[in-house]
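To start, the structure itself, in structure tokens.
Read-outs throughout are calculated quantities, based only on the coordinates presented, and are distinct from any laboratory measurement. These figures come from a predicted structure and were not determined experimentally. Note that we place each Cβ from the backbone using ideal geometry, even for glycine, and neighbour counts take in every protein chain shown.
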Amino acid sequence: MPQGKPLRVAMIGHAFMGRAHSQAWRNVGAFFDVPAVELGVLVGREAERSAAAADQLGWAESSTDWRSIVAREDIDIVDVCTPGASHAEMAIAALEAGKHVVVEKPLANSVEDAERLTELSASLPEQAAIVNFNYRRVPALALAKRVVDDGRLGAIRQIRGAYLQDWLSDPEAPMTWRLRKEEAGSGVLGDLGSHVTDLIRHLTGESITTVAGGLQTFVPERPSGGGREKVTVDDAAWATLGLSGGGVARFDVSRVALGRRNGLNLEIYGERGALRFDLERLNELEFYDGNDPDDLQGFRSILVTEASQPYAGNWWPSGHILGWEHTFTHQFAEFLTAIREGRQANPSFADGLAVQRVLDAVERSAAEDGRTLPSRPDP
Ligand code: SOE
């Protein structure tokens, strides 16, 4: 399937996301009609660990010097899978060196950095740039987008999104970079709130016009290097968002929601129909059609594994289910297609910036603490 001289990829970072990206780079050409790619160089912080990861994940070489790799003539694509604090510097260097660029979400840790990236990318339209909001590429959510675009729901009135994890619910869970503001930018707000915010914008095709939100840190310090270290980000976040079409969206995100390992739920209610999605059953989309006859009304569960549905036909025969990792392969298929067609990829850096502005507004709203008391105190 793949055609032409392979595009050589360099990827920076080889932890959880690096592993997810590696499998997608390895498989995309076998299942999608896209330009060929080669897993060129894997870049990490420590030489030995990077070499071992390169071996295991299928990269031809490894390195600890991202700057020299990004500048190399034989590299066409740079994939940034590092903590948010380094996204801007690495992606700017890669764009300036003429590369196509993938950046893990969130695009950057600040609105200013996201703006710089977006401006630069807009000035280089022949270089594809994508921010990896991978849940757009769950087949059931791509089908949801099609249902909304086809007008089957009518105008959107309400959206409820919840992305809940529990890996930080134990107060003795150790400190990680994800809990340091200077590295991660924010806590669950940027990590999972960014996904839900992107899905709300993407699925509705609307922009977010107003934001009210809050943040909570339940465990203020955690074990670190024999002592304890202050946690500088949020464990839970929530927001109410006004939509440009007149609807309203609401999200809750958490990393301390005991029992929820990685639960992403979305409900979209329109004038004429509704959709429900649960990541734990990611091959299914629930659809309620308000036009059904009264006696047959109800949510129907659609198994999204048909060739007529998004992405499924590129994999297995009807009824053979897909998993979380496929979303990365689908994202890279979109990215490589954008490169072939010489157009901007989607989600673009501008999408990443729009999300960053909403996250920033949630933080400002939380800092102002707009909470009011009930007119009479609870007895
Ligand atoms: C960790 O909370 C994490 O890996 C996120 O960073 C990802 O974006 C999400 O898909 C799964 O959980």
Using the Karplus curve 6.51 cos²θ - 1.76 cosθ + 1.60 with θ = phi - 60°, work out ³J(HN,Hα) for each residue of region 304-313 in order, rounded to whole Hz, and write x for Gly and Pro.
9, 9, 8, 4, 7, 9, x, 6, 4, x
Most exposed first, judged by fewest Cβ atoms within 10 angstrom, L373, L7 run L373, L7
If a helix is a whole DSSP H run, which ones in the chain reach 27 Å or further along their own axis (Cα) and hold a mean Kyte-Doolittle hydropathy of at least 0.0?
349-368
Semi-axes (Å, rounded, descending) of the ellipsoid equivalent to the chain per its C-alpha gyration tensor are 33, 28, 19
Loop-located trypsin sites (Lys or Arg not before Pro) in region 309-379 whose Cβ has at most 11 other Cβ within 10 Å (DSSP)
R371
Between H320 and A52, what is the label-to-label distance in nm when each label sits 7 Å out along the Cα-to-Cβ direction?
3.5
Which entries in the list K5/K105; K105/K181; K99/K181 go over 19 Å, if you measure between the two C-alpha atoms of each?
K5/K105; K99/K181
With runs of 4+ DSSP H residues as the only contributors, calculate the mean residue ellipticity of the chain at 222 nm using -39,500 (n - 2.57) per run, divided by the residue total and rounded to the nearest 500.
-9500 deg cm²/dmol
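In which sequence would M11, M17 go, from the one with the fewest C-beta neighbours within 10 Å to the one with the most? Intermediate values should be presented prior to the final figure.
Values: M11 29, M17 20.
Going from sparsest to densest Cβ surroundings: M17, M11.
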Which loop GluC sites (Glu not before Pro) in region 64-127, with loop taken from DSSP, have no more than 16 other Cβ atoms within 10 angstrom of their Cβ?
E73, E126
Could you grab the relative contact order for region 206-334? Cα pairs under 8 Å, six or more apart, rounded to a whole percent.
13
